[in-house]
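The values are calculated or read from the model by the stated rules, or taken from the named source; none is laboratory data. The model shown is predicted, which means the values in this text are computed figures rather than measured ones. FYI the Cβ positions are ideal-geometry reconstructions off the backbone, even for glycines, and counts take in every protein chain you see. With ligands, DNA and RNA removed, areas are computed over all heavy atoms of the protein, side chains included. Shrake-Rupley method; radii C 1.70, N 1.55, O 1.52, S 1.80 Å.
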Amino acid sequence: MMGMSVFAMAQSFPVEQGPTSVPVFYSGYWLRPTYTQRVDDDQWDLRVPASQLAELAGPVDAAERLGARRELLASPQNAGRAQLLRECPELFGIVGRVVLGVDELLWRAELGWGGCSVDLSGIECIDGFQTIGLIARGAADLSTEHLDRAVLDVRIVSGAARELARAAHDHAHRHHNPTVAQDLLLRHPVMRRLVRQFESDGIPFRLRRGERRGPSRGGYAVDEATTALALFSAGEGPALAFQTLTPEGREEIWRDPSGSKFRALFGAETEATGVRIAIMFRRAILEELEEMLRERSAHHWHLLADAPDLVVWAVARELPLAELHRDTAGPWAPAWERILDHQLPALTRTTAERLVAAYRSERTRVYRRDEVRELAWWSRILDAAAVA
């Protein structure tokens, strides 16, 4: 926090500071920050109630006036933030910062208020125009009291710091790691429970992206778990399983943890035991298919290489899927280990042979690699196998 000596008199930046290339459109724009900290001679950090920033982006040509990189975007992200400003303004200003470049600023103590106000001239919005634009739009029908429940971090830069800040924010897209749906899985109660269950058995269950420092540990990752659970889901049709075969498909499911697809995989009944069984069985089936391909891989047998999870899904239909998450120590639990060791290899081979024959009946002459990677052909092959 700044010492009181800073507020004792008006303080401006040196007269020799020359203007930047951005024209001076605003002069005498006053802010009353609730908190002020001097970073260095050219930079100040403020905490500012939202209503004080509304007029900056109010004019129709505000983006041009402020030298902002973009107009206010009609994006899903902005729609969500606008809703947040209306419904929970306290959260609106928690993430992110508005960066304003100025030609000059003048501090003035306000003894009656007990604080200090600042006059900004030659304002440029280096970063955060979307934020102040949403505030300006919200000010049309939200009260000042409502807007001021949102308090924003504002950095004021001038001089050489202004040029550096502009360059850094212009190139921020090169260095920014955007958040994706997987990054939020660790907040979900079912996922946290699964992590604890696996850890109690000394098995890591990895939810986070990125490289982990330290010694390598075994265990399972959430992407493999998602695909395996989808393949061993008791639901009808292979559409959900097919979607989980790509990173984009898994992200779409993870993005909506309240949706039916997510809950079908990671619901209240999901247990670490079931996750482990699904992964182990999928791995074993894929290994058996690799062995089959070493024996014969010509013509339609390429189906096993190009659509191996089609075989996994079909084999899973022959297993007691409804019991997947039942306690393996219970009296009615399937003997999963016995099935894995003694039944699965033969079941995999007969199922693979049946699917290859079904595909050959649908595509009698030419094997086409791309089409067997399509969901429509998965369904077509499965239907042909069912009536064979």
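Using Cα pairs under 8 angstrom and six or more residues apart, how large is the relative contact order of the chain, in percent?
Working: 536 pairs, mean separation 53.7, N = 388.
Normalised by residue count, the contact order of the chain is 14 percent.
Once label points are set 7 Å from the Cα along Cα→Cβ at both THR328 and ARG368, what is their separation, rounded to one decimal in nm?
The two pseudo-label positions are separated by 4.3 nm.
Tell me the carbon and sulfur percent of the accessible area for region 220-385, rounded to whole percent, probe radius 1.4 Å. Don't skip to the answer; put the middle values down first.
Details: 3970 of 8140 Å².
So the carbon and sulfur contribution to the accessible surface is 49 percent.
Give me the angle, in degrees from 0 to 90, between the Cα long axis of helix 76-87 and the longest principal axis of the Cα atoms of the chain, rounded to the nearest 10.
For helix 76-87, the angle is close to 60 degrees.
Evaluate E = 1/(1 + (r/R0)^6) for LEU347 and VAL387, where r is the Cβ-Cβ distance and R0 equals 22 Å; express this FRET efficiency to the nearest 0.05. It would help to have the intermediate numbers written out before the result.
Values: r = 20 Å, r/R0 = 0.91.
Between LEU347 and VAL387 the formula returns 0.65.
What angle, in degrees between 0 and 90 and rounded to the nearest 10, separates the Cα long axis of helix 222-231 from the longest principal axis of the Cα atoms of the chain?
40
Return a whole-number percent for the relative contact order of region 212-366, with Cα pairs under 8 Å and 6 or more residues apart as the contact set. Could the numbers behind the result be given before it?
Values: 124 pairs, mean separation 40.3, N = 155.
Over region 212-366, the number comes to 26 percent.
Quick check: the angle from helix 189-200's long axis to the longest principal axis of the chain, C-alpha only, nearest 10 degrees?
So the helix axis and the longest Cα principal axis differ by about 60 degrees.
Compare LEU310, LEU72 by solvent-accessible area with a 1.4 Å probe and give them largest first, with all protein chains kept in place.
Working: LEU310 0, LEU72 45 Å².
From most exposed to least exposed: LEU72, LEU310.
What's log10 of I(q)/I(0) for the chain at q = 0.08, 0.14 Å⁻¹, Debye sum over Cα points only, no solvent?
Listed by q, the Debye log ratios stand at -0.65, -1.11.
What accessible surface, in Å², does a 1.4 Å probe find on TYR367, ignoring ligands, DNA and RNA and rounding to the nearest 10?
It works out to around 40 Å².
Find the relative contact order for region 29-179 and round it to a whole percent, using C-alpha pairs within less than 8 Å whose residues are 6+ positions apart. The partial results should precede the final answer.
Working: 260 pairs, mean separation 54.5, N = 151.
Dividing the mean separation by the residue count of region 29-179 yields 36 percent.
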